[in-house]
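A short worksheet on the structure shown next.
The values are calculated or read from the model by the stated rules, or taken from the named source; none is laboratory data. These numbers come from a predicted model, not from an experiment. Here the Cβ positions follow ideal geometry from the backbone for every residue, glycine too, while neighbour counts run over all protein chains shown. Just so you know, the surface numbers come from the protein's heavy atoms only, side chains and all, with ligands and any DNA or RNA stripped out. Shrake-Rupley method; radii C 1.70, N 1.55, O 1.52, S 1.80 Å.
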Amino acid sequence: MSHSSITYTIAPEIFEMFPGYIRGVVVAHGVKNGPSPPDLVALLRAAETEARSKLDLEKIIEHPLMASWRDAYRKFGAKPGKYRPSMEAMARRVLRDQQLPSISSLVDIGNIISLKHLLPAGGHTIDVVANDLQLCRAEGDETFVPFGSDKLETPQAGEIIFCEGKTVLTRRWTWRQANHTLVTPETTALEFNIDGMPPITLPEVESACNEVISLTEQFCGGKCYYEMLTQENNHITLSMRY
């Protein structure tokens, strides 16, 4: 199956459980990933400073954008104190005056957007994807090998997962990514997921998508486009368009 025929779907029950949820998907082809140049690292440090100006570590769970995701995690059965949404975990590190490591240009771009907008943003290599993608509730028989491990896991039934067939790419919505689609120096095509949970609005997610495109084309080249997954439009086809 070629990239041009991969269908990407969000299960209708996700929108039924979480009214107003939206996901922006940025697709990039022909990119060159490598160490971030100084200008991009400077943007990462600036995003850290901006996050520190918006958030208080002692009151982080009270911030509306953090609280909405914590509530969502509770709703599908994940304790947010144990399994923190990605942008909360990242923000906590920053608020403890820890600098995020510069991993690579594409990874850093996702972290910049996540910190700047306080929403989950992360990339998956699609060079290696051969089957359709879906955000859905787990049946419990899927497989997952977490980043940095070779241990095979299975998600809990009802847990929200991002998957390629029965292969889980991210557990607990935005919590932990698999080895399979990690963004690496060899990545030439990827998709960024940018999640919006009320009070985040569709225009705000679109703005974040456009920033991802701008930064990706500036620092990694290639060609990008984005589409929105919503209750009214719950599936897209990943294609070149160029």
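Here are a few things to note about the model shown:
- Set of the stretch 181-195 residues, backbone N closer than 20 Å to the point 7 Å along the Cα-Cβ line of VAL145: 181-188
- Here the scattering of the stretch 19-62 is modelled by Debye summation over its C-alpha atoms, one equal scatterer each and no solvent; at q = 0.34 Å⁻¹ the log10 of I(q)/I(0) is -1.07.
- Here the contact order of the chain, divided by its residue count and restricted to Cα pairs under 8 Å and six or more residues apart, works out to 38 percent.
- Solvent-accessible surface of the stretch 174-219, taken per residue with a 1.4 Å probe and all protein chains present: 40 Å².
- Surface composition of the stretch 86-220: carbon plus sulfur atoms contribute 49% of the solvent-accessible area (1.4 Å probe, protein chains only, all chains present).
- With kT/(6 pi eta Rh) evaluated at 20 °C and eta = 1.002 mPa s, and Rh the Kirkwood radius from Cα pairs, the stretch 44-181 diffuses with a coefficient of 136 µm²/s according to Stokes-Einstein.
- Taking only Cα atoms of the stretch 44-95, radius of gyration then Dmax in Å: 11.3, 35
- Whole-number accessible area per residue in Å² for the stretch 95-161, which is evaluated in the context of all protein chains at 1.4 Å: 42
- Taken over the stretch 1-125, lysine pairs spaced eight or more positions apart, or on distinct chains, with alpha carbons under 27 Å apart number 12.
- Per residue, the convex hull spanned by the alpha carbons of the chain comes to 117 Å³.
- Listed by chain and number, the aspartates and glutamates placed with their C-alpha closer than 13 angstrom to that of LYS166 are ASP132, GLU139, ASP141, GLU142, GLU153; residues fewer than eight positions away on the same chain are left out.
- The stretch 149-242: C-alpha gyration tensor shape, a/c 1.5 cut-off, then a/b vs b/c: oblate
- Cα gyration tensor shape of the stretch 10-92, rounded if a/c is under 1.5, else prolate or oblate by comparing a/b with b/c: oblate
- HIS180 accessible area, 1.4 Å probe, all protein chains in place, Å² to nearest 10: 80
- For the stretch 13-48, the residues whose backbone nitrogen is under 17 Å from a point 7 Å from the Cα of GLU217, taken along Cα to Cβ, are 25-32.
- ASP150, ASP141, ASP132, ASP108, reordered so the largest accessible area comes first (probe 1.4 Å): ASP150, ASP141, ASP132, ASP108
- Accessible area of TYR225 (1.4 Å probe, protein heavy atoms only, ligands and nucleic acids ignored): about 20 Å².
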